[in-house]
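Asks: Mind having a look at this structure? Questions to follow.
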Amino acid sequence: MGAMSDQKDPAQAQNDGGDELAKLKELAARAQADLQNAKARMEKEGQEIRSFAMQGLIEKLLPTISNFQRAFEHLPEELSDHDWIKGLYATEQQLMADLQSVGLQKIESMGQAVDPQIHEVLQAAEGEKDIIVQVLEEGYSLNGKTIRPAKVIVGSGE
């Protein structure tokens, strides 16, 4: 009889097996959810790292872009039709198009109301109060985040 008491009732054994199966299924579901969360977190972190690296590079290029723009603004009239100048202008335009394709946008400022989030006011001059009357240096945003505020002169209301 001792041997019989060590054996489990078949219904009890099946119930114990079902409980174990349910626990294993729950454990597998949690592991799968953890894996999906980790994958999503890694993708987000990777995107943030790429974005940060791109922002650093673009910020280093902005002074060069500004120098191109200043040079074209002060180009002597007699040189404006020169093929070499046209080539430089086309190169600058291609650079700007490439940077725009990765999210760089020029901040439109002229005639706009001052916004301290995107404008750095350097001085006031005649004109409508708090309206930008001159842009000294273009500002830029990258994927909606201001990376360089526009340097502007605003109207003093006089």
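Asks: Under a crude label model (7 Å from the Cα following the beta-carbon direction), how far is residue 101 from residue 113 in nanometres?
Replies: 3.8 nm
Asks: To continue, here is another question. Can you give the helix-only mean residue ellipticity at 222 nm for the chain, where every DSSP H stretch with n ≥ 4 adds -39500 (n - 2.57) and the sum goes over all residues, rounded to the nearest 500 deg cm²/dmol?
Replies: -20000 deg cm²/dmol
Asks: Explain nothing, just the number: dipole magnitude of the stretch 104-158 about its Cα centre with +1 on each Lys and Arg Cβ and -1 on each Asp and Glu Cβ, in debye rounded to the nearest 20.
Replies: Dipole of the stretch 104-158, to the nearest 20 debye: 300 debye.
Asks: Which of 104, 153, 140 sits farthest toward the positive end of the charge dipole of the stretch 104-158, with +1 on the Cβ of Lys and Arg and -1 on the Cβ of Asp and Glu?
Replies: My answer, from the dipole projection, is 104.
Asks: Once mean projected area of the Cα convex hull in nm² is worked out from the coordinates, which option in (1) 18.7; (2) 10.6; (3) 14.0 does it equal?
Replies: It is the value labelled (1).
Asks: Separate question: Can you tell me which of 37, 143, 67 moves the most in a GNM of the chain? Springs connect C-alpha atoms under 10 Å apart.
Replies: Highest fluctuation among the options: 37.
Asks: In the chain, what percentage of the DSSP-assigned beta bridges are antiparallel, given to the nearest 5?
Replies: Expressed as a percentage, antiparallel bridges in the chain total about 65.
Asks: Any idea what the relative contact order of the chain is, in percent, if you count C-alpha pairs under 8 Å spaced at least 6 apart?
Replies: Result for the chain is 17 percent.
Asks: In debye to the nearest 20, how big a dipole does the stretch 11-79 give about its Cα centre with +1 on each Lys and Arg Cβ and -1 on each Asp and Glu Cβ?
Replies: Dipole magnitude for the stretch 11-79 comes out near 160 debye.
Read-outs: derived from the displayed coordinates by stated rules, not from any lab. Note that the structure is predicted; figures quoted are calculated from it, not measured. Backbone-built Cβ (ideal geometry, glycine too); neighbour counts: all protein chains shown.
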